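The values are calculated or read from the model by the stated rules, or taken from the named source; none is laboratory data. Keep in mind that this is a model prediction, so the values were computed, not measured. Here Cβ is always computed from backbone atoms with ideal geometry, including for glycine, and neighbour counts include all displayed protein chains. Heavy atoms of the whole protein, side chains included, go into the accessibility calculation; ligands, DNA and RNA do not. Shrake-Rupley method; radii C 1.70, N 1.55, O 1.52, S 1.80 Å.
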Amino acid sequence: MDAAKRRGDKMVVRMRHSRFKYFHNPDHAQQFLEGKMFCWNAAYYRDYEDAKAAQVVGDEYEGTRLYRPLNGLEITNLTQHTQGNLQRGAEFITKSHEIFVYCVSMSFNDVLKKEFDAKACVEICDPRKFIQRWQGALPPESLATSGAVGDYQKYVCRMVRYYHGHDLPGNVWAIPDLITTTKLKKFAYQEEYRFAYTKTDAFKFENVRGELVDRKARPSPRPEEHFYETLDLGDLRDICRLRAL
């Protein structure tokens, strides 16, 4: 443990070198310790609706980079030589149905226990070895490269970065794996670390769809796009442990 601080009346424990996976079902924690890594695709989390309509697990912008300036998008009409503000947002959308993700946290604290309704938590004590085993368990299609100019990696693992909807997207809009590992600032308290992979060209540079939208409600779920896979990492008890809640 390298630091501890209080958030309100809650003690938040930070263990910089560990990762934590919260489970509502204790049986799933045991299966994880046995090496079963159950991965939903990003489309599932995009459409997932949490109880009480609070976004904790689900995120309607999962797999999407949002850009919505506070004063609207500045639009230039080249034909009429006029400028104006459009009260809409730009969305850069990945092939989220082709991207599988697994989410853990950098923190072990009461806030996350409550929000995830956790009945069990597994601590990944040696993240480096865990990453190596995860890489070794990835599907062959995720490890293959085309050999062409502009090759790209089909798997990533990194800390999630958080942003405000009005922040300029910079180069993130064109890089699907960066979009996959960024989320809106309201989720920052989760301190997420994410594993993501694809078996297709979903992480290819500029393989995104850009749209101008003015959302009034969350889009309807598309369950036909929901897929999952289970990776077999082998027994993890030498590098993971069950934490008492």
Computed, not fitted: 222 nm per-residue ellipticity of the chain from DSSP H runs ≥ 4 (each -39500 (n - 2.57)), nearest 500, equal to -4000 deg cm²/dmol
All alpha-carbon distances of region 146-245, grouped into 10 Å bins from 0, give the whole-percent distribution 11, 31, 38, 16, 4
Of the listed links Lys113/Lys216; Lys113/Lys185; Lys113/Lys183; Lys114/Lys216; Lys21/Lys204, those spanning more than 27 angstrom between alpha carbons are Lys113/Lys216; Lys114/Lys216; Lys21/Lys204
The relative contact order of the chain, taking Cα pairs under 8 Å that sit 6 or more residues apart, comes to a percentage of 32
Taking Cα atoms, the helix 127-137 axis meets the longest principal axis of the chain at an angle in degrees (rounded to 10) of 80
note: the chain, Cα-Cα separations exceeding 26 Å make up a percent value of 44
Ranking Gln80, Pro139, Phe92 by how far each Cα lies towards the positive end of the charge dipole of region 58-147 (+1 on Lys and Arg Cβ, -1 on Asp and Glu Cβ), the top one is Pro139
Ranking Thr76, Thr64 from most to least accessible area with a 1.4 Å probe gives Thr76, Thr64
Rounded to one decimal in nm, the spacing of the 7 Å Cα→Cβ label points at Leu168 and Ile131 is 3.0
Computed for the chain: size of charge dipole around the Cα centre, +1 on C-beta of each Lys and Arg, -1 on C-beta of each Asp and Glu, debye to nearest 20, value 860
